[in-house]
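What follows is a short report on a single structure.
The values are calculated or read from the model by the stated rules, or taken from the named source; none is laboratory data. As the structure is a prediction and not an experimental result, all values here were calculated from the model. Cβ: placed from backbone, ideal geometry, glycine included. Neighbour counts: every protein chain shown. In case anyone asks, the SASA skips ligands and DNA or RNA and just uses the protein heavy atoms, side chains included. Shrake-Rupley method; radii C 1.70, N 1.55, O 1.52, S 1.80 Å.
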Amino acid sequence: MQARDLLHKALWSAIYLLFILAPLFALLTRALPPTRGFGTEFSIALGYSGLAIMGLQFGLTARFRYVTEPWGEDVIYHFHRRVSLIAVSLVMAHPLILLAAGSESMVLPASIPELPLGAVFAGLSIGSLILLVVMALWRTRLKISYETWHLTHIVLALTAVTAGMAHMVAWGYYLVDPWKRTLWMGMATFWIALLLYVRIIKPLFMLRRPYRIAEVRPERGDTTTLVMRPDGHAGFRFRPGQFGWLTLWGSPFKITGHPFSFSSSAEVSDGRVEMSIRKLGDFTSAVPRVTVGQRVYLDGPYGAFTIGNPADMHVLIAGGIGITPMMSMIRTLADRGDRRPLVLLYGSKDWESISFREELETMKLRLDLTVVHVLSQPPDGWTGESGYINAELFKRHLPPGYADHEYFICGPNVMMDAIEQALGEMKVPLAKYHSERYSFV
Ligand SMILES: Cc1cc2nc3c(=O)[nH]c(=O)nc-3n(C[C@H](O)[C@H](O)[C@H](O)COP(=O)(O)OP(=O)(O)OC[C@H]3O[C@@H](n4cnc5c(N)ncnc54)[C@H](O)[C@@H]3O)c2cc1C
């Protein structure tokens, strides 16, 4: 790992902790309200901590390139899911501990209109949180479409955090001091401003930087390549292996963009980019119907999945449509005249569904490239590899000194888990393998 990346990681981690801890310590400064029992004070500390962590999730998911780059987007979303569950547990523990401690604030009044405003906001915040967690954990089982879930997720998160903040202010106590109140309300405004930035300011910029579809190219394996050119601007440069968020129909204000790796060479100077998209659900199945000249929007580049040290042999391991970032790497290295040794281990269902099969053959003439196709449903008489990519297959096709090569893995989650485990068993250090997961949720 480069020293620059390490420094970046350390800096962002420090800022993250500062944003969570500083407002908590600020509550303990200046005049303090009278202390109540340990249970009450402890539960309040948990509530404040939970809210501070929850608010920062808006920053984590705001797609700030400089924040996400050292880790990669998939790691950030993984962290977001884990840390959100911790934050929700802290917030939920707050009323439960108060109840167990017999706090009088948990005694319900005789009728609902008598409920203090602070309690109403608490109920709203906790209700939204429960719904949010249920939908996030069981979206597929509940058969909720990604788009519906995404919109609801944002609305519920916003409600939970705003109502939580309103609960704290309405209850007063630690926030009676105007300085502390201003600090916490300022922080909540900052969190919401992050959301407004992502949903309003950034799309406004993107509106002025559209792309046009220059070509719609069918590929093998239910895949379509979209060739896009910047319309009235220079576009952006990306590194091979990175991805962008694509909006095909509608404006950049549309809540849900779809992530796709760039499949083209990064060595183009006219801003042209290509994405190769395989049919999976509603959105991807409609891609073949895109028309030349159509206006689309691209937000990118993102991701840390990109080629490394030129001295090392690069082992590219792709499963199915996980070939797209590898194609970008292969095409870029060919355009650069790079001679590093490359081995592509490429898992596909059958011979006919191998996207880019013919082009990979011609690439062997321009690169030091070996392609090993691994078919899960091989045709009769197939003498190549069949089944799935595993440690044994590595040993058959890679020169020894496994820990010296650099590995790039992209494909279905099951394949990636198996390969990461195999590399671990082959004593390949973590820093030597890079993965891109095609699922953030
Ligand atoms: C970093 C990254 C790069 C990717 N690159 C490619 C690529 O080059 N080519 C390719 O064919 N596919 C790629 N994918 C997968 C692609 O984004 C999904 O297949 C596509 O968004 C599914 O949309 P759908 O409506 O057709 O399918 P659905 O049936 O709606 O969704 C299938 C699954 O895809 C995920 N998904 C759906 N919509 C989104 C979204 N807006 N954002 C994030 N995840 C979503 C969800 O887990 C969902 O359960 C990539 C995914 C990621 C995360």
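Screening residue 381 with (1) without any contact (Cβ under 8 Å) to a residue 60 or more places away in the chain; (2) within 16 Å of the ligand (Cβ to nearest atom) gives one miss only, at (2).
Conditions (1) assigned to a helix (DSSP H, G or I); (2) farther than 30 Å from residue 260 by Cβ, marked per residue:
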position	(1), (2)
26	yes, yes
31	no, yes
48	yes, yes
59	yes, no
76	yes, no
84	yes, no
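The test for being in a loop (DSSP other than H, G, I, E, B), open to solvent by less than 10 Å² (accessible area, probe 1.4 Å) and either more than 9 Å from the ligand (Cβ to nearest atom) or assigned by TED's automatic domain parsing to the domain that holds residue 358 (or both) holds for residue 240. Scanning the range 405-421 for residues that are over 22 Å from residue 261 (Cα atoms) and exposed (fewer than 13 other Cβ atoms within 10 Å of the Cβ) yields one hit, 421. In the range 404-414, the qualifying residues are those that are more than 19 Å from the chain's Cα centre (by Cα) and within 25 Å of residue 321 (Cβ to Cβ), and the one that is nearest to the ligand (Cβ to nearest atom) is 407.
Matching residues to (1) surrounded by fewer than 16 Cβ atoms within 10 Å (Cβ to Cβ); (2) in contact with a helix residue (DSSP H, G or I) (Cβ under 6 Å, 6 or more places away or on another chain); (3) at pLDDT below 95; (4) not assigned by TED's automatic domain parsing to the domain that holds residue 409:
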| site | (1), (2), (3), (4) |
| --- | --- |
| 62 | no, yes, yes, yes |
| 72 | no, no, yes, yes |
| 95 | no, no, yes, yes |
| 145 | yes, no, yes, yes |
| 167 | no, yes, yes, yes |
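Restricting attention to the range 245-268, the residues being within 9 Å of the ligand (Cβ to nearest atom), assigned to a strand (DSSP E or B) and of a type outside the set (A, V, I, L, M) number 6. Taken together, 43, 89 contain a single residue that is in a helix (DSSP H, G or I) and open to solvent by less than 60 Å² (accessible area, probe 1.4 Å), which is 43. Would you confirm whether or not the range 395-403 contains a residue that is open to solvent by 20 Å² or more (accessible area, probe 1.4 Å), on the phi < 0 side of the Ramachandran plot, part of a helix (DSSP H, G or I) and within 16 Å of the ligand (Cβ to nearest atom)? There is no residue in the range 395-403 that is open to solvent by 20 Å² or more (accessible area, probe 1.4 Å), on the phi < 0 side of the Ramachandran plot, part of a helix (DSSP H, G or I) and within 16 Å of the ligand (Cβ to nearest atom). Inside the range 109-135, residues that are open to solvent by 50 Å² or more (accessible area, probe 1.4 Å) and within 16 Å of the ligand (Cβ to nearest atom) make up a count of 0. Output yes when any residue across the range 226-236 is within 13 Å of the ligand (Cβ to nearest atom) and either crowded, with 20+ Cβ neighbours inside 10 Å or farther than 30 Å from residue 47 by Cβ (or both), and no when none is. Looking for residues that are within 13 Å of the ligand (Cβ to nearest atom) and either crowded, with 20+ Cβ neighbours inside 10 Å or farther than 30 Å from residue 47 by Cβ (or both), one finds at least one in the range 226-236, hence yes.
Scanning the range 210-237 for residues that are part of a loop (DSSP other than H, G, I, E, B) and within 17 Å of residue 266 (Cα to Cα) yields a count of 4. Note on the range 293-316: residues that are under 22 Å from residue 236 (Cβ atoms) and surrounded by fewer than 18 Cβ atoms within 10 Å (Cβ to Cβ) amount to 4. Per this entry, residue 129 is counted among residues that are closer than 19 Å to residue 161 by Cα and within 28 Å of the chain's Cα centre (by Cα). Go through the range 136-156 residue by residue and tally those that are part of a helix (DSSP H, G or I) and within 16 Å of the ligand (Cβ to nearest atom). Residues in the range 136-156 being part of a helix (DSSP H, G or I) and within 16 Å of the ligand (Cβ to nearest atom): 12 in total.
Among the residues of the range 269-281, the one identified as within 9 Å of the ligand (Cβ to nearest atom), out of contact with any Gly (no Cβ under 7 Å at 6 or more places or on another chain) and charged (D, E, K, R) is 279.
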